[in-house]
Amino acid sequence: MSCGSASGCGAIAGCWRFVSQRRRRSRVSTSTADARAGESVDCGGVGVGGVASAVGQVAEHRSEEELLAEVAKRSKAVLYVVSNKGNDRFSMPNLSKYLRMKGVVMRQGRTPEETLLLNASLLLEVLDKSCASGIPRAAPGAPLRHEMEEQVIPAQELQVLFPEMRDAYVQQPLDYGRNSRYGDRWRISCYLVVMENWKPKIMPHEPMVRCMTPTMNRCTQVAAGRPREAFARWYCRIYSLASVEVDVMNAFVTRYRALQEEDQLKRHIDGSNVDGSVILALPTDDPFEGGALHVWDGKPQKQHVYQMRPGDCIFMDNAVWHQAMPISKGTRWALVLFLRLRNKLAHGGARDSEAVGPPSDAHAASC
């Protein structure tokens, strides 16, 4: 049911009478002031009347558990971001943060419970709008949503760089908060790019910034004469795009050691706000055993196992499950990039204008 804002207070009153009849409750006030309790700024075509309709529909037809299940159907990655630590209830702070990040104005209900249901329903609208984008997505029979490219950065160049990188490395412990599966246990990375307003309060480590920024850029940009593919060219190829702009959200060097909490990264995805990822294998002066990268991809989904050598890159689309397997000895190093993609231009000119947040270090790639 949709009232539409053009009908004014009469349409809103109609919405509330419908809700009242369905619930067999006492008559609800139909004044403009009362109706504005559920008003929000137009978002995706939902105005005052649409929000009033949404209040009735959400409260009447969908429980929190049902809305959470609908989110899970659309994106497990988003589910993990907007839910609590057990992923069985919405976290209002996490849900609010995600909607703000998407540039969406939140809805206000008459009670905290109604506000949560309204915004969970709004989240579904955002996810459905994203799925309806004109830019093609992977489908059965399409290429895998990840790929390993050998020697994207020549191993001998990385070997020369390694002593400076090793000396620049410091552990920067993070506290993701009590609603995160990581909590305060992530402490094996050193950062050279940090997303603005990121909840774990941390600053880029300047020695690592100076050392690894050129390498980071080479993993994302397409440079003339480079024989191997950077992320942008790979992404354009698998989705038949003419060009895409790549922003580095987070970039960090991770050091794995054969110690508890430092030997592996369990199966995970990189976050709902991460559009793509790069993992670059780095040299070591302490040979390790184990440490294969496992990736789950394809339709039907299959497990792919990679023993990466220094200079090899894994390119991944968003929400691809992967795991850094444990090492039993030695030290393993990797450069990891979380990417945001903007201005995806399809062949023929169709553009996906869904861009989140301000650009930073954006690199346009024509493919």
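The values are calculated or read from the model by the stated rules, or taken from the named source; none is laboratory data. Quick caveat: nothing in here was measured; it's all calculated off a predicted structure. Glycine also receives a Cβ, built like all others from the backbone with ideal geometry; neighbour counts cover every protein chain displayed. Heads up: the accessible areas ignore ligands, DNA and RNA and are worked out on the full protein's heavy atoms, side chains in. Shrake-Rupley method; radii C 1.70, N 1.55, O 1.52, S 1.80 Å.
Looking across the stretch 230-251, the residues that are of a type outside the set (A, V, I, L, M, F, W, C), open to solvent by less than 10 Å² (accessible area, probe 1.4 Å) and part of a strand (DSSP E or B) come down to 247, 250. Number of residues in the stretch 334-343 that are of a type outside the set (Gly, Ala, Ser) and more than 12 Å from the chain's Cα centre (by Cα) equals 5.
For the stretch 190-219, taking the residues that are of a type in the set (S, T, N, Q) and in contact with a strand residue (DSSP E or B) (Cβ under 8 Å, 6 or more places away or on another chain), the one that is nearest to residue 246 (Cα to Cα) is identified as 217. Of the strands (runs of 3 or more DSSP E) entirely within the stretch 258-333, those holding at least 1 residues that are of a type outside the set (Val, Ile, Thr), farther than 22 Å from residue 221 by Cα and within 20 Å of the chain's Cα centre (by Cα) occupy 265-268, 293-297, 321-324. Within the group 184, 167, which residue is open to solvent by 40 Å² or more (accessible area, probe 1.4 Å), modelled with pLDDT under 90 and not β-branched (Val, Ile, Thr)? Of 184, 167, the one residue that is open to solvent by 40 Å² or more (accessible area, probe 1.4 Å), modelled with pLDDT under 90 and not β-branched (Val, Ile, Thr) is 184. Given the criteria buried (at least 19 other Cβ atoms within 10 Å of the Cβ) and closer than 17 Å to residue 253 by Cα, does residue 340 qualify? No: the conditions fail for residue 340. Inside the stretch 66-110, can you point out the residues that are part of a helix (DSSP H, G or I), of a type in the set (Gly, Ala, Ser) and either touching a His at 6+ places or on another chain (Cβ under 9 Å) or under 19 Å from residue 321 (Cα atoms) (or both)? Across the stretch 66-110, the qualifying residues are 72, 77. A single entry from 215, 254 fulfils the requirement of being of a type in the set (S, T, N, Q), at pLDDT 85 or above, buried (at least 17 other Cβ atoms within 10 Å of the Cβ) and over 22 Å from the mean Cα position of the chain (by Cα): 215.
Within the stretch 44-84, the residues that satisfy the criterion of being at pLDDT 75 or above, over 18 Å from residue 114 (Cβ atoms) and open to solvent by 10 Å² or more (accessible area, probe 1.4 Å) are 69, 72, 73, 74, 75, 76, 79, 80, 81, 84. Residue count for the stretch 257-292, restricted to those that are of a type in the set (S, T, N, Q), open to solvent by 10 Å² or more (accessible area, probe 1.4 Å) and out of contact with any Pro (no Cβ under 9 Å at 6 or more places or on another chain): 3.
One line per residue, one yes/no per condition, for (1) modelled with pLDDT of 85 or more; (2) surrounded by fewer than 17 Cβ atoms within 10 Å (Cβ to Cβ):
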{"position": "102", "(1), (2)": "no, no"}
{"position": "109", "(1), (2)": "yes, no"}
{"position": "118", "(1), (2)": "yes, no"}
{"position": "139", "(1), (2)": "no, yes"}
